[in-house]
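To start, the structure under review is shown below, and the notes come after it.
A short reminder: the numbers here are calculations on the coordinates, not readings from a lab. Nothing here was measured: the structure is a model prediction, and the numbers come from that model. Here the Cβ is made from the backbone with ideal geometry for all residues, glycine too, and neighbour counts use every protein chain on show.
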Amino acid sequence: MKLAIRDLSKVFVTGTGEQVPALKDISLTVADEEFLCILGPSGCGKTTLLRIIAGLDTPTTGSIEVDGEALDGPSRRIAMIFQEYSLFPWRTVLENVAFGLEMTGNGRGDRLEAAGRYLDLVGLGSFGKSFPFELSGGMRQRVAVARALAIEPAALLMDEPFGALDAQTRNLMQIELQEIWKKTRKTVVFVTHSVDEAVFLADRIVVLTERPGRIREIVPVKKCARPRDRTCADFVEIRRHVLDLIAVGSSD
Amino acid sequence: MRRPLGIILPLLILVVWEIAARLIGNQFILPRLETVVPVLLSPATDILGTGSLLHNAAVSLIRVGAGFLVAIAIAVPLGIGMGWSPRLDAFADTTVQLFRPIPPLAWGPLAIAWFSVGLNSMVFIIFLGAFFPILLNTIDGVRGVKKTWVEVARTLGASEGQVLAKVVLPGAAPTIWTGLRVGFGIAWMCVIAAEWLPGTTSGLGYLTLYAYNFGQMHFIIAGMITIGIIGIAFDLLFRSVEDRWFAWRGSER
């Protein structure tokens, strides 16, 4: 799925009527099956950008097109994965994954069968009957990924999905996500503030400036072969370049 | 260790009661334990021609059940609406706050005027008692539903109606249930008092008042204990359902 963001700006109005610009003049095209990372300091509006793409917020100006059609509100072609607290605690893991299919009126047998397959895909096939509070943080995010994939979207939006996990689990999840992405060939837009994570995962990295977020530079990472070795020369070089970009941003 | 410790005081109260009853030596002020216990032990025996403890308890419970169900039917949908829509909340909240401090029993005369003596006026008073705790807890529960749950549901294709039915209602259910538990407790208190209204001829509340007219204190105390036991039993019932269905509460992650 091709995603085109055109001249997008977002201004928030606070309770006192003050205007706070969050994003400014963002133009960007995400190619079909591309893994794009959006990187920037806290408060740069990267989550806002993702929420606008998900249809959860509206841009002040500009537009978003999905395969040439203007986006208007949440679409089943685009699924979003949040940082945490997103699983429905009153549903079992399997019922969580089946949620999207329940919304479209698929029969119970059908949707649980499909949910089971996606649960297998993220390696949690035997946890269907568990409840979310019985799982570790990494497992819960895998369930969230399975739930998003189950509606068979063309694009996955991920908002710092591994931000709440410990470093080891985080690395493991990055590798798994890459595997899933290869298998399912989704377009992925992944927001993070970790340079390391972005260089490890992305085809291209969009580096945003501090608030209001603007595109500072789009860094291609393609010359670094997957699965990436964090110690290889290309990886280190790109990583340094991105770190420099962020350092410039914060000294402005 | 807690339970054995908790038993001591009630036993002590029984002992003090019995000693006091013997010292006073007046059945019309404080009857002795051994006159009350037999009444409780034969709950199917008729009392002063008003029916047995069991019969009167059943009558009271049916009244409470009716008022309680009407309260649920109105308070839960209204609470979901007020918790979900700031406009409806702004519209209705002042009215709720104005009526809430009026004790249900204060409606007694109006209830009789509007619904005449009997079941309907009692159901009305019970309804008022249960209504506000259920309403306020439902509003609270809906407001406590995590925004992320709602947004996840929307991105997964849920319509507004599905968001309400599949996310807001189950998400608010534990708090709504707390409202039902509190509401039932108040409804149970209200029925006893409502049965003191003129024209009533049955129910545990009526039984205690009727026994007073004959100076039969041991029947009053037996009735009070029955009222207390039923109240505790329902509270435990509500809590056990809470533990079973809403074990996830407090462990959202």
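Taken residue by residue and averaged, Cβ atoms of other chains lying within 10 Å of the Cβ of A:81-94 number 5.
Taken about its Cα centre, the range A:84-152 carries a charge dipole of roughly 80 debye when the Cβ of each Lys and Arg holds +1 and the Cβ of each Asp and Glu holds -1. You can think of it this way: the chain between B:Arg100 and B:Ser240 has 47.5 nm of extra reach, that is 0.36 nm per residue less the Cα-Cα gap.
Between A:Leu119, A:Leu23, A:Leu177, the Gaussian network model of chain A with springs among Cα atoms under 10 angstrom shows the greatest mean-square fluctuation at A:Leu177.
Between B:Leu11, B:Gly129, B:Leu156, the Cα set farthest toward the positive side of the dipole of the protein assembly as shown (charges on each charged residue's Cβ, about the Cα centre) is that of B:Leu11.
When Rg and the Kirkwood Rh are both derived from Cα coordinates, the Rg/Rh ratio for the range B:53-245 amounts to 1.07. The label point for A:Thr16 and the one for A:His193, both projected 7 Å from the Cα toward the Cβ, are 2.4 nm apart.
Among B:Leu11, B:Leu40, B:Leu128, the largest mean-square fluctuation in a Gaussian network model of chain B (Cα springs under 10 Å) belongs to B:Leu11. Note on B:Asp46 and B:Ile225: their simple-model spin labels are 2.4 nm apart, each label 7 Å out from Cα toward Cβ. The alpha-carbon atoms of the range A:180-252 define a convex hull whose volume equals 90 cubic angstrom per residue.
Taking the Cα centre of chain B as reference, the dipole from Cβ charges on Lys and Arg (+1) and Asp and Glu (-1) amounts to some 600 debye.
Of the chymotrypsin sites (Phe, Trp or Tyr not before Pro) found in the range B:1-80, the ones in coil according to DSSP and having at most 14 other Cβ atoms within 10 Å of their Cβ are B:Phe28. Peptide A:71-79 has a mean of 2 when you count, residue by residue, the C-beta atoms of other protein chains within 10 Å of its C-beta. Taking each of A:Lys46/A:Lys129; A:Lys24/B:Lys166; A:Lys182/A:Lys222; A:Lys2/B:Lys147 in turn, the alpha-carbon distance tops 25 angstrom for A:Lys46/A:Lys129; A:Lys24/B:Lys166; A:Lys2/B:Lys147. Between A:Asp166 and A:Ala70, residue separation times 0.36 nm minus the direct Cα-Cα distance comes to 30.7 nm. For the protein assembly as shown, the dipole from Cβ point charges (+1 on Lys and Arg, -1 on Asp and Glu) about the Cα centre works out to 460 debye, to the nearest 20. With R₀ set to 60 Å, the beta-carbon distance separating A:Val248 from B:Ile74 gives a calculated FRET efficiency near 0.45. Per-residue ellipticity at 222 nm computed for chain A from its helices equals -11000 deg cm²/dmol, with DSSP H segments shorter than 4 residues left out and the rest contributing -39,500 (n - 2.57). The modelled label-to-label distance between A:Ser42 and A:Arg226, using points 7 Å beyond Cα along the C-beta direction, is 3.1 nm. The relative contact order of chain B, computed from alpha carbon pairs under 8 Å that lie at least 6 residues apart in sequence, is 25 percent. Between the residues A:Leu28, B:Gly81, B:Phe91, the greatest Cα displacement towards the positive end of the dipole of the protein assembly as shown, with unit charges on the Cβ of Lys, Arg, Asp and Glu, is found for B:Gly81. Largest GNM mean-square fluctuation across B:Gly215, B:Gly83, B:Gly203, computed for chain B with C-alpha springs under 10 Å, falls on B:Gly215.
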